[in-house]
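The values are calculated or read from the model by the stated rules, or taken from the named source; none is laboratory data. Computed from a predicted structure; not experimentally measured. No Cβ is skipped: glycine too gets one built from the backbone with ideal geometry, and neighbour counts run over all protein chains shown. Keep in mind that these areas ignore ligands, DNA and RNA; they rest on the heavy atoms of the full protein, side chains included. Shrake-Rupley method; radii C 1.70, N 1.55, O 1.52, S 1.80 Å.
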Amino acid sequence: MIKAIGSAFILTNEVASYVIYIHDRRPTLLHYGGKVKESDIPSLNLDYSIPTGRAVYSDGETTLNLVPLEVSGLGKGDYLTPSYSLERNGKTVFDFRYADYWINEEADRSNPFPLPRGGEELVLLLRDKEGQASLELHYIVYPKAIARYATIHNEGAEVLYINHLASFSLDFPYLGQKGYFLSSSWGAEAQAELLDLPKGELKFKGLTGASSDCFNPFFAIFGPEATKDEGEAYGFNLMYSGSYEISVSRDSFYRLRVQEGLPSTDFHYGVKCNKTFYSPVAVLTYSDQGANGLRKANADFIHNHVIRERFVNVPRPIVYNNWEATFFDFSTLKIHSLVDQAADLGVELFVLDDGWFGKRNDDKSGLGDWTVNKRKVLGGMAALADFVHERGLKFGLWFEPEMVNPDSDLYRAHPEYVLSERKEPALCRNQLILDLRQASVQDFLVETIVNAVKDYHLDYIKWDCNRAFSDIDQAAIYDYYLGLYKVLGRIVGQCPDTLFENCASGGMRFDLGMMSFFPYTWVSDDTDSYERAKIQRALSLGYPFSTFSNHVSAKISHQMFRKTTFGTKFDVAMLGALGYELDLNHLSGLDQEEIKEQIAFYKKHRDLALYGDPVDLSFGENIVMASKKGDEMLISFCSGVNHPLPSLEILRVKGLEEEADYSIATRPEYFDIRDFGDMVNQISPVKLKPDGVVANAVSKVYRYPSETTEVTLSGAALAHSGLKLGMKWSGSGISKTGRIMFDFSARAYYLSKAK
Ligand code: GLA
């Protein structure tokens, strides 16, 4: 709800109040956080007239260096980080003053960047008469979030240059908050960093043209008393997939300024007379229930306002993807055998990854030539699609539509399609980027994808993007994304039922912009379970599990050479959209049985795994994530490195009905007896040589079962006392409930209200 009361505006949603006050014709922030009353507004304001040090008084009475500003420029006495920087004829001082406001019952949708669905909107208009420009601050209120963006309109005859424009700027009183940021790189996406906020400025920027190459655009600020389940937590995210920056600055008084938006480096964008420049949209969420409250707020918001409605609360199919099984080297025979085996395991969608098109036998050529390589796919793609469909699976293909290899027919025919301001642009993975600013390139992409969906009978597309931008400036990247979003809008408009999976060398574009077209994202090329558990935990603060694409890969991780059981891989992969990506020909009969059991378990709990609230139950070195929906919870417990004499491990689960009873059970897991080494003789009735003929023969028909947990506890006991997990193996001792946990191994628990 939005209300204008005198010089104030109060924005209220289910969880927060956001109070703006027009102070000397400048929008200032009186409060953003838990709900306050309308009658509080006059007393929330402060008299800023006491002179402080060497402050500049541009308004006679107020120094801008003290006031909590909603928008901030250069050269008028506010010396924290500006939220915009403009330039016309060499002049850079602009002074925007509040002129008007209006409220749109339904948010205006003229911003060309992705916008969340729905919402009521407040627009504040500010004008700089001398500078001949106006600035609008847009606030869109949703039940669990407030979205913000800014626009600049050129009212003068000459070009106005935008050197920077943040989507929002917010001045909090500094109370000792901490910042939570997700640094990112290939294979190590979303590495969580919790930082004390120093005086001065912290800047996190990604200039590579892909939102999550360096940092994920999601970040959080925690109140000084915040914990996992209590205290104030603020989330910030950008609905944008290109370069951006986050700035958190603190001054010597008490202001903590938080901003996110387009980068201030290398950005110089000319806006012609009477034209409007838009920032991408930022999303602000809040919870007074700590990190887990923020997780729920973000998940609810994204499901209700970001993901296309067609794909919300819809089960994601269980995928088989051939990449880590074959890479580029496959034949029709091999693919047919993988399809047959995937069908037998219970998989629901077969994805043929890179290498099916053009002259593409490695990553040096072929990108751009999206016609089938008939040597590898005999009879053509429609025939393969039919083969897959006949076996009851859906069928999908990998594309990297934004790219071209110099060694391709597309490049030879259209060198002018390439995005570069130099004749010899740098290569990355042997490829160049197509210039999506050009209408003909946009048309080429739309036609390629729409025709492929039709001609190849596709149910699904994995849309990849495998290089960073170079040889152009940041303003070109901004226009590139305007082009890309147009293309994506046209494609999903024409293929409304096709499931698209977003990918950029893993999660290099894990952002709300891509998510508003493609409902889920390949989280990381790193499928090692412990590394994935870390990444998924960190991402779950900003994004729901339904947006994660997770695959069970070979027991020895390609990325880490770390060996884990299939059970462990599944226990981490199950929180999200599940897939398998390994050579199925290397599975033993027992492996196949185990995978069938996993798939049956996932199908039973899929809705809970995808659409429950993400909850962090981690303690010590254990990464424990859960998905909670109604009276049920699916818990993924991933342990770290083993220690001698391990301490007792107690899993606390808060937020259940205190009076109700809940039963908790482990998902059965199995060990290969050879993994116990000499200690196999602790469990074997006859003496075995660890890698001897007998042990090898036994391992083909017998798996050692994990412990069983079958406990019933009240919600009160789970919250206040916790579930005492079975004692961990520590060199001796075997029992039905004792846990054998190899380093970095995992377990899954299912919790439900006892009948
Ligand atoms: C990227 C993706 C992988 C795979 C390869 C194919 O690295 O992240 O999953 O699709 O491209 O080249």
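Evaluate the stretch 427-434: report whether one residue or more is in the same structural domain as residue 318 (by TED's automatic domain parsing), surrounded by fewer than 21 Cβ atoms within 10 Å (Cβ to Cβ) and in contact with an Asp or Glu (Cβ under 9 Å, 6 or more places away or on another chain). Can you show your working first?
Keep residues of the stretch 427-434 that are in the same structural domain as residue 318 (by TED's automatic domain parsing), which gives 427-434.
Filter once more, keeping what is surrounded by fewer than 21 Cβ atoms within 10 Å (Cβ to Cβ): 427-430.
Okay, now just the ones that are also in contact with an Asp or Glu (Cβ under 9 Å, 6 or more places away or on another chain), so 429-430.
Yes.
Can we say residue 497 is within 14 Å of the ligand (Cβ to nearest atom) and open to solvent by 10 Å² or more (accessible area, probe 1.4 Å)? Against the criterion (within 14 Å of the ligand (Cβ to nearest atom) and open to solvent by 10 Å² or more (accessible area, probe 1.4 Å)), residue 497 does not qualify. Look at (1) free of Cβ contacts under 8 Å to residues at least 60 places away in the same chain; (2) touching a Lys or Arg at 6+ places or on another chain (Cβ under 9 Å); (3) within 22 Å of residue 516 (Cα to Cα) and you find that residue 453 fails only one, number (2).
Condition check: of a type outside the set (S, T, N, Q), more than 11 Å from the ligand (Cβ to nearest atom) and open to solvent by 10 Å² or more (accessible area, probe 1.4 Å). Does residue 556 satisfy that? Judged against the criteria, residue 556 is a match. Considered as a group, the residues in the stretch 462-494 that are basic (Lys, Arg) and more than 16 Å from the ligand (Cβ to nearest atom) include one that is most open to solvent (accessible area, probe 1.4 Å), and that residue is 486.
Only one of the numbered conditions (1) of a type in the set (Lys, Arg); (2) over 16 Å from residue 456 (Cα atoms); (3) in contact with a Leu (Cβ under 8 Å, 6 or more places away or on another chain) is not met by residue 394, and that is (2). A Cβ distance below 9 Å, combined with a sequence gap of six or more or placement on separate chains, defines the contacts here; from the stretch 76-92, residues that are assigned by TED's automatic domain parsing to the domain that holds residue 259 and within 17 Å of residue 277 (Cβ to Cβ) reach residues that are at pLDDT below 95 and crowded, with 20+ Cβ neighbours inside 10 Å in the pairs 86/131; 88/131.
Between 446, 441, 418, the distinction of being out of contact with any strand residue (DSSP E or B) (no Cβ under 8 Å at 6 or more places or on another chain) and more than 16 Å from the ligand (Cβ to nearest atom) belongs to 446 only. Looking at this structure, is residue 156 of a type in the set (Gly, Ala, Ser), open to solvent by 10 Å² or more (accessible area, probe 1.4 Å) and more than 30 Å from the chain's Cα centre (by Cα)? No.
Whether any residue in the stretch 184-195 is under 22 Å from residue 80 (Cα atoms), in contact with a strand residue (DSSP E or B) (Cβ under 8 Å, 6 or more places away or on another chain) and of a type outside the set (A, V, I, L, M, F, W, C) is what I want to check. It would help to see each step written out before you state the result.
Initial filter on the stretch 184-195 (under 22 Å from residue 80 (Cα atoms)): 195.
Now restrict to residues that are in contact with a strand residue (DSSP E or B) (Cβ under 8 Å, 6 or more places away or on another chain): 195.
Still in the running and of a type outside the set (A, V, I, L, M, F, W, C): none.
No, because not a single residue in the stretch 184-195 is under 22 Å from residue 80 (Cα atoms), in contact with a strand residue (DSSP E or B) (Cβ under 8 Å, 6 or more places away or on another chain) and of a type outside the set (A, V, I, L, M, F, W, C).
Are any of the residues in the stretch 501-514 away from the ligand (no atom under 13 Å from the Cβ), free of Cβ contacts under 8 Å to residues at least 60 places away in the same chain and either acidic (Asp, Glu) or open to solvent by 10 Å² or more (accessible area, probe 1.4 Å) (or both)?
no
Quick one: which residue in 267, 253 is farther than 17 Å from residue 162 by Cβ and not assigned by TED's automatic domain parsing to the domain that holds residue 515? Explain how you work it out, then say what you get.
Working: 267 fails: farther than 17 Å from residue 162 by Cβ.
So the residue among 267, 253 that is farther than 17 Å from residue 162 by Cβ and not assigned by TED's automatic domain parsing to the domain that holds residue 515 is 253.
Table: residues versus (1) among the charged types (D, E, K, R); (2) out of contact with any Asp or Glu (no Cβ under 7 Å at 6 or more places or on another chain).
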residue	(1), (2)
438	no, yes
447	yes, yes
451	no, yes
474	no, no
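Just to be sure, is residue 190 among the hydrophobic types (A, V, I, L, M, F, W, C), open to solvent by 30 Å² or more (accessible area, probe 1.4 Å) and over 23 Å from residue 256 (Cα atoms)? In short, no. Listed by first and then second residue, the pairs linking a residue in the stretch 389-403 that is open to solvent by 60 Å² or more (accessible area, probe 1.4 Å) and modelled with pLDDT of 95 or more to a residue that is in a helix (DSSP H, G or I) and among the β-branched types (Val, Ile, Thr), with Cβ atoms under 8 Å apart and 6 or more places separating them unless they lie on different chains, are 391/339; 394/388.
Tell me, which strands (runs of 3 or more DSSP E) wholly within the stretch 133-227 include 1 or more residues that are farther than 26 Å from residue 278 by Cβ? Spell out the reasoning first.
Details: elements: 133-142, 145-154, 160-173, 178-185, 188-196, 200-206, 215-222.
Fully inside the stretch 133-227 and qualifying: 160-173, 178-185, 188-196, 200-206, 215-222.
The listed residues are 678, 743, 661, and the only one of them that is of a type in the set (Asp, Glu), open to solvent by 40 Å² or more (accessible area, probe 1.4 Å) and over 38 Å from the mean Cα position of the chain (by Cα) turns out to be 678.
Considering only residues in the stretch 515-527 that are among the hydrophobic types (A, V, I, L, M, F, W, C) and farther than 18 Å from residue 261 by Cα, the one that is nearest to the ligand (Cβ to nearest atom) turns out to be 522. Quick check on the stretch 402-415. Is at least one of its residues small (Gly, Ala, Ser), more than 26 Å from the chain's Cα centre (by Cα) and within 16 Å of the ligand (Cβ to nearest atom)? Yes, some residue in the stretch 402-415 is small (Gly, Ala, Ser), more than 26 Å from the chain's Cα centre (by Cα) and within 16 Å of the ligand (Cβ to nearest atom).
Does residue 381 fit the bill of being in contact (Cβ under 8 Å) with a residue 40 or more places away in the chain, within 14 Å of the ligand (Cβ to nearest atom), among the hydrophobic types (A, V, I, L, M, F, W, C) and open to solvent by less than 30 Å² (accessible area, probe 1.4 Å)? First the steps, then the outcome.
Values: in contact (Cβ under 8 Å) with a residue 40 or more places away in the chain: yes; within 14 Å of the ligand (Cβ to nearest atom): no; among the hydrophobic types (A, V, I, L, M, F, W, C): yes; open to solvent by less than 30 Å² (accessible area, probe 1.4 Å): yes.
So residue 381 fails the test.
Among the residues of the stretch 313-324, those identified as away from the ligand (no atom under 12 Å from the Cβ) and either in contact (Cβ under 8 Å) with a residue 60 or more places away in the chain or basic (Lys, Arg) (or both) are 313, 315, 316, 317, 318, 320.
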